[in-house]
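Notes follow once the structure below has been shown.
The values are calculated or read from the model by the stated rules, or taken from the named source; none is laboratory data. These numbers were taken from a predicted model, which means no experiment stands behind them. So basically every Cβ, Gly included, is an ideal-geometry build from the backbone, and we count neighbours across all protein chains shown.
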């Protein structure tokens, strides 16, 4: 009856069942996984957001496969502030980065082709690729006082069916950015194997410190065919607006062909509504008041966390350079799932077990730095108390 691509396990895992039961019983929970900015107490410019959706031009239907020009011009201006000159014709609007991934996979890959994805990484890639009949092959990020791409491992992971390498900048959940030297190696790798580079930059506006070695944006890449994804969900902390974009770049000849093919894909769906496209310039502008709030929150929570860990606690955190998440490393006397289960059932603290993101070792817990400070601090205190009592 159903396709094999949707043959997923449909039962809740052990941790999800336990959390569901705690909520059913009405027990208080401290959610250190909260990453929905609309539930984290930020001050949104409500008037500007709602007014942006009331453009009279939205009453007229003027479809454009790439998305309405004023919206794409606003996106081009966003990159111009980073010193990157883009023609609005290189930009395609999508309802989400998930849809943008689907466009890219459809453009690049036939059934059973593969893409290389980072590990640790966000589990959504498995679903997005599978729904487009594309396989994922993980390549490792290695940790040594900070994260880096295991470049030698890339050659060992590809085969004749590999079509692209995907980078997340900064990675979710490790918070690690791509360095200039890594990008140079990746581009050489793509040229050598006739592959594309796909860069997810949804968290790129949230670095914790300046770093001249960090890639500014992959949207500037011209040495190989490249796709850069981002959107309002993180940039303006507006996930409910469902508006994102895809930037194509690369050598002129292959770029022209890619743009022409992508236009047909986009024209087939015409998924972005006129009200949202017309609202994009104003919604993108709200980032100027939201991003300082978000950066203050995540850096403040990180500082609070470090202050609690500075006294020789058996819990440490891995180096993080940006984004909305941090990774705690706990004693390996339990698996990460066992730690998460115990913290939920005994302490009312919700965390992500590291295996959710395919960490290669046990004892890693991922927490959101977006959490309200009072919840974050109490949650961390309970984690430390639990670990101390288990030693």
Next item on the list: Would you tally the residues in region 312-358 being over 30 Å from residue 26 (Cβ atoms), out of contact with any strand residue (DSSP E or B) (no Cβ under 6 Å at 6 or more places or on another chain) and either surrounded by fewer than 21 Cβ atoms within 10 Å (Cβ to Cβ) or at pLDDT below 95 (or both)?
Entry: 8
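To keep it simple, each residue is scored yes or no on (1) within 22 Å of the chain's Cα centre (by Cα); (2) part of a helix (DSSP H, G or I); (3) within 30 Å of residue 205 (Cα to Cα); (4) free of Cβ contacts under 8 Å to residues at least 60 places away in the same chain.
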| residue | (1), (2), (3), (4) |
| --- | --- |
| 1 | no, no, no, yes |
| 5 | no, yes, no, no |
| 9 | no, no, no, yes |
| 15 | no, yes, no, no |
| 19 | no, yes, no, no |
| 26 | no, no, no, yes |
| 76 | yes, yes, yes, yes |
| 99 | yes, yes, yes, no |
Note to self: Condition first: part of a helix (DSSP H, G or I) and under 15 Å from residue 240 (Cα atoms). Now tell me which residues in region 49-68 satisfy that.
What the structure shows: 49, 50, 52
Next item on the list: Please work out which one of (1) assigned by TED's automatic domain parsing to the domain that holds residue 338; (2) closer than 30 Å to residue 135 by Cβ; (3) modelled with pLDDT of 95 or more is the condition residue 31 fails and give its number.
Entry: (2)
Margin query: Go through (1) over 30 Å from residue 132 (Cα atoms); (2) loosely packed, with under 11 Cβ neighbours inside 10 Å; (3) in contact (Cβ under 8 Å) with a residue 24 or more places away in the chain; (4) outside the structural domain of residue 345 (by TED's automatic domain parsing) for residue 54 and report which single condition fails.
Written below: (3)
Checklist line | Count of region 248-300 residues which are in a helix (DSSP H, G or I) and either touching a strand residue (DSSP E or B) at 6+ places or on another chain (Cβ under 7 Å) or at pLDDT below 95 (or both) | finding: 6
